[in-house]
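Note sheet for the following structure.
The values are calculated or read from the model by the stated rules, or taken from the named source; none is laboratory data. Just so you know, these numbers come straight off a predicted model, no measurement behind them. Every residue, glycine as well, gets a Cβ built from its backbone with ideal geometry; the counts of neighbours run over all protein chains shown. With ligands, DNA and RNA removed, areas are computed over all heavy atoms of the protein, side chains included. Shrake-Rupley method; radii C 1.70, N 1.55, O 1.52, S 1.80 Å.
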Amino acid sequence: MSPLADDSRVRVILLDIEGTTTPVDFVYKTLFPYASSKVESFLRKYFHDPEVQTLVAELHAQQERDENARLQPPPWNEETVEARLRSSITYTQWLIVSDSKCTPLKALQGKIWQQGYASGELRGEVYADVPPAFARWRRQGREVCIYSSGSVLAQQLLFRSTAAGDLTAQLSKFFDTRVGAKGESESYRKIAVDLARSPQEVLFISDARNEVEAAKRAGMPAILCLREGAVRDRLHQVIHNFDEVLPE
């Protein structure tokens, strides 16, 4: 990999999760099916919890937006508590299958996964080069942060429970879609402000081209992480593992 234009300016490494720090299969073949299979039992148990009720109301609002956008979501019935519960379950499962990034879904998934991690049914996965990269960047005096569509809770649970141990001590801050969508440049500007850094001091790494482009529009240096195969990209700097990023 060719060096960054000015490595010395990078004070923060901002990382995507899916396909960047963590195998895509872990997300789609472990986390998503787990949430889908547990959503009914979780909602039946916690449906009257005020925080869950807030998420259900937000899901209903999202369902109405999806209907207005002609996305053909499952219908929502508010006639009885049981009908509302059933609507919440069915719509949540539809969102999971649709790979929705909507914030209330991600928050609900995080709560469901929290129980899975606590019971030992789930354990976070990261690529082998991730723990040593975190340690290396921290030795260099740089901060490491996460920006994912998954909720902050879900992010923390994943990195706390890896085979390499609890990696959250190496991470300074977590960002989710509450700061904005990952394909919007304004989200990256907000993150830089939150970190009290100029965008030029924050290096963003993701496997999604639209996210890399959004970060660049915000003034951040950004790298495309393509872990599978020797793929090249004429528009973006590409890495295949973290060993290539800011080596000692």
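For every other residue with a beta carbon closer than 15 angstrom to the beta carbon of residue 132, add +1 if it is Lys or Arg and -1 if Asp or Glu, then tell me the sum.
0
Hey, if we sort 99, 16 by accessible area with the 1.4 Å probe, largest down, what's the order?
Result, largest first: 99, 16.
Convex hull over the Cα atoms of region 5-61, averaged projected area in nm²?
Convex hull of Cα atoms, orientation-averaged projection: 7.1 nm².
May I ask you to derive the relative contact order of the chain, considering only C-alpha pairs under 8 Å and at least 6 residues apart, and to give it as an integer percent?
24
Under 5 Å between amide H atoms, partner at least 5 residues away or on a different chain: which partners does residue 175 have, H built in plane at 1.01 Å?
Under 5 Å from the amide H of residue 175 lie the amide H atoms of 146, 147, 148, each far enough along the sequence or on another chain.
Name the residues whose placed amide hydrogens come within less than 5 Å of the amide hydrogen of residue 14, ignoring near sequence neighbours (fewer than 5 apart) on the same chain.
Result for residue 14 returns 145, 203, 204, 205.
For region 137-167 and region 195-231, write down the distance between their C-alpha centroids in whole Å.
17
Calculate how steeply helix 81-97 sits against the longest principal axis of the alpha-carbon atoms of the chain, using the helix alpha-carbon long axis, and give the answer as 0 to 90 degrees to the nearest 10.
Orientation of helix 81-97: about 30 degrees from the principal axis.
Given the Cα atoms of region 127-173, and with Rh set as the inverse mean 1/r over their pairs in the Kirkwood sense, what is Rg to Rh to two decimals?
0.95
Calculate, for region 121-184, the solvent-accessible area per residue in square angstrom, rolling a 1.4 angstrom probe over the heavy atoms of the protein chains.
On the way: 2590 Å² over 64 residues.
Computed with neighbouring chains in place, this is 40 Å² per residue.
Rounded, prolate or oblate: which fits region 53-113 when a ≥ b ≥ c are the square roots of the eigenvalues of the alpha-carbon gyration tensor, with rounded for a/c under 1.5 and prolate only if a/b beats b/c?
Oblate shape, in that a/c is at least 1.5 and b/c is the bigger or equal ratio.
Where nothing but the Cβ of Lys and Arg (+1) and of Asp and Glu (-1) is charged, how large is the charge dipole of region 1-76 around its Cα centre, in debye to the nearest 20?
The calculation lands at about 160 debye.
Per-residue HN-Hα couplings for region 15-28, Karplus 6.51 cos²θ - 1.76 cosθ + 1.60 at θ = phi - 60°, whole Hz, x for Gly and Pro?
For region 15-28, the Karplus curve yields 10, 6, 9, 4, x, 10, 9, 9, x, 4, 4, 4, 6, 7 Hz.
Let's see if you can work this out: charge +1 on each Lys and Arg Cβ, -1 on each Asp and Glu Cβ, no other charges. What is the dipole magnitude of the chain about its Cα centre, in debye to the nearest 20? The partial results should precede the final answer.
Values: 31 positive and 34 negative charges, 76 e Å.
In total the dipole reaches around 360 debye.
Could you calculate the contour length gain from residue 46 to residue 166, that is, 0.36 nm times the residue separation minus the distance between their Cα atoms, to one decimal place in nm?
Additional length available on full extension: 40.4 nm.
Please figure out what share of the DSSP beta bridges in the chain is antiparallel and state it in percent, rounded to the nearest 5.
Here the antiparallel bridges make up roughly 5 percent for the chain.
Can you tell me the orientation of helix 185-194 relative to the chain, as the angle in degrees between its alpha-carbon axis and the longest Cα principal axis, to the nearest 10?
Once rounded, one gets 80 degrees.
Debye sum, Cα scatterers, the chain, no solvent: what log₁₀ I/I(0) at q = 0.12, 0.17 1/Å?
-0.72, -1.27
With only Lys, Arg, Asp and Glu charged, each at its Cβ (+1 for the first two, -1 for the last two), find how big the charge dipole of region 1-148 is about the Cα centre; round to the nearest 20 debye.
Once rounded to the nearest 20, the dipole reads 480 debye.
Would you grab the residues whose amide H sits under 5 Å from the one on residue 161? Only those 5+ places off in sequence or on another chain, please, with H modelled 1.01 Å from N.
124, 167
Each residue of region 33-43 in turn: what ³J(HN,Hα) in whole Hz from Karplus with 6.51, -1.76, 1.60 and θ = phi - 60°, glycine and Pro shown as x?
Running phi through 6.51 cos²θ - 1.76 cosθ + 1.60 with θ = phi - 60° gives x, 4, 4, 5, 6, 9, 4, 5, 5, 5, 5 Hz.
For the chain, find the longest principal axis of its Cα atoms and tell me its angle to the long axis of helix 130-139, 0 to 90°, nearest 10.
50
Of 134, 52, 159, whose Cα points farthest to the positive end of the dipole of the chain (charges on the beta-carbon: +1 Lys, Arg; -1 Asp, Glu; origin at the Cα centre)?
With unit charges placed on the Cβ atoms, the residue in question is 134.
Ignoring ligands, DNA and RNA, what percent of the 1.4 Å accessible area of region 52-194 is carbon and sulfur?
49
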